[in-house]
Amino acid sequence: MQETYSISELGKEFGITTRAIRFYEDKELLSPTRQGGRRIYSRADRTRLKLLLRGKRLGWPLEEIKSVLNMYDAGDGELDQLQYTAKKIEQRRQQLLRQKQDINAALADLDRIQNRCVSHMATLNSCNDNHSSQNHQSQKETSS
DNA sequence: ATTCTCACA
DNA sequence: TGTGAGAA
């Protein structure tokens, strides 16, 4: 296990582009040291990036991730960190639940509309069937 | 291979 | 929340 990493090594390891990693740095979620312009990432930086990506997967905005990450190594009271993080988790859970309700409502709407469409088509088809015996012959003649 | 900036969705 | 292009 090495103690430092280049930006491309981290990108490869986590399956993200170097552009994205620089983007996170620009947003102040990462702060690698430099060696003549080149970024040098410590194991702490690597851990930070890993946590960042996990937060992203769980749907947190970068700003939220940033505040949690900063609390973590600002050595704020451990109790404060945990309380803050727990609160964020609960907020995220509520947000997802709301979205779930919205999706279910939209799905139910689609069901109603689709049912109207289908039944309407059924009435049109039965209308056609009533006249199809008369039209059928002429359609065959014009198509050939 | 890495850096930065500007533009763009 | 990133990507692409171009220059150094």
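Is it fair to say A:Gly11 is surrounded by fewer than 10 Cβ atoms within 10 Å (Cβ to Cβ) and within 15 Å of DNA strand C (Cβ to nearest atom)? Break it down stepwise before answering.
On the way: surrounded by fewer than 10 Cβ atoms within 10 Å (Cβ to Cβ): no; within 15 Å of DNA strand C (Cβ to nearest atom): yes.
Here the answer is no, as A:Gly11 does not meet what is asked.
Specify which of the listed residues (A:Glu63, A:Glu13) is more than 13 Å from DNA strand B (Cβ to nearest atom) and at pLDDT 95 or above.
Values: A:Glu13 fails: more than 13 Å from DNA strand B (Cβ to nearest atom).
The unique qualifying residue is A:Glu63.
Considering each of A:Ile40, A:Ile16 in turn, give the residue that is of a type outside the set (Asp, Glu) and touching a strand residue (DSSP E or B) at 6+ places or on another chain (Cβ under 8 Å).
The unique qualifying residue is A:Ile40.
Output the residues belonging to region A:27-61 that are touching a Lys or Arg at 6+ places or on another chain (Cβ under 7 Å) and within 18 Å of A:Lys87 (Cβ to Cβ).
A:Leu58, A:Gly59, A:Trp60
Would you say A:Arg46 is surrounded by 14 or more Cβ atoms within 10 Å (Cβ to Cβ), more than 12 Å from DNA strand B (Cβ to nearest atom) and not hydrophobic (A, V, I, L, M, F, W, C)?
For A:Arg46, the condition - surrounded by 14 or more Cβ atoms within 10 Å (Cβ to Cβ), more than 12 Å from DNA strand B (Cβ to nearest atom) and not hydrophobic (A, V, I, L, M, F, W, C) - is met.
How many residues, within region A:19-42, are under 27 Å from the mean Cα position of the chain (by Cα) and either among the charged types (D, E, K, R) or not in a helix (DSSP H, G or I) (or both)?
Count: 11.
Looking only at region A:56-63, decide whether some residue is more than 16 Å from DNA strand C (Cβ to nearest atom) and in the same structural domain as A:Glu9 (by TED's automatic domain parsing). Break it down into steps so the answer makes sense when it comes.
So the first thing to find is which residues in region A:56-63 are more than 16 Å from DNA strand C (Cβ to nearest atom), and the list is none.
No, there is no match, as no residue in region A:56-63 is more than 16 Å from DNA strand C (Cβ to nearest atom) and in the same structural domain as A:Glu9 (by TED's automatic domain parsing).
Listed here are the residues, each with its yes/no results for (1) touching a Gly at 6+ places or on another chain (Cβ under 8 Å); (2) surrounded by 10 or more Cβ atoms within 10 Å (Cβ to Cβ); (3) of a type in the set (Val, Ile, Thr).
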| site | (1), (2), (3) |
| --- | --- |
| A:Met71 | no, yes, no |
| A:Leu79 | no, no, no |
| A:Thr85 | no, yes, yes |
| A:Lys88 | no, yes, no |
| A:Gln91 | no, yes, no |
| A:Leu96 | yes, yes, no |
| A:Gln99 | no, yes, no |
| A:Met121 | no, yes, no |
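Of the numbered conditions (1) within 16 Å of DNA strand B (Cβ to nearest atom); (2) surrounded by 13 or more Cβ atoms within 10 Å (Cβ to Cβ), A:Asp26 fails exactly one; give the number of that condition.
For A:Asp26, the failing item is (2).
The values are calculated or read from the model by the stated rules, or taken from the named source; none is laboratory data. In this text the structure is predicted, and so the values were computed from the model without any measurement. All Cβ positions, glycine included, derive from the backbone under ideal geometry; neighbour counts span all protein chains shown.
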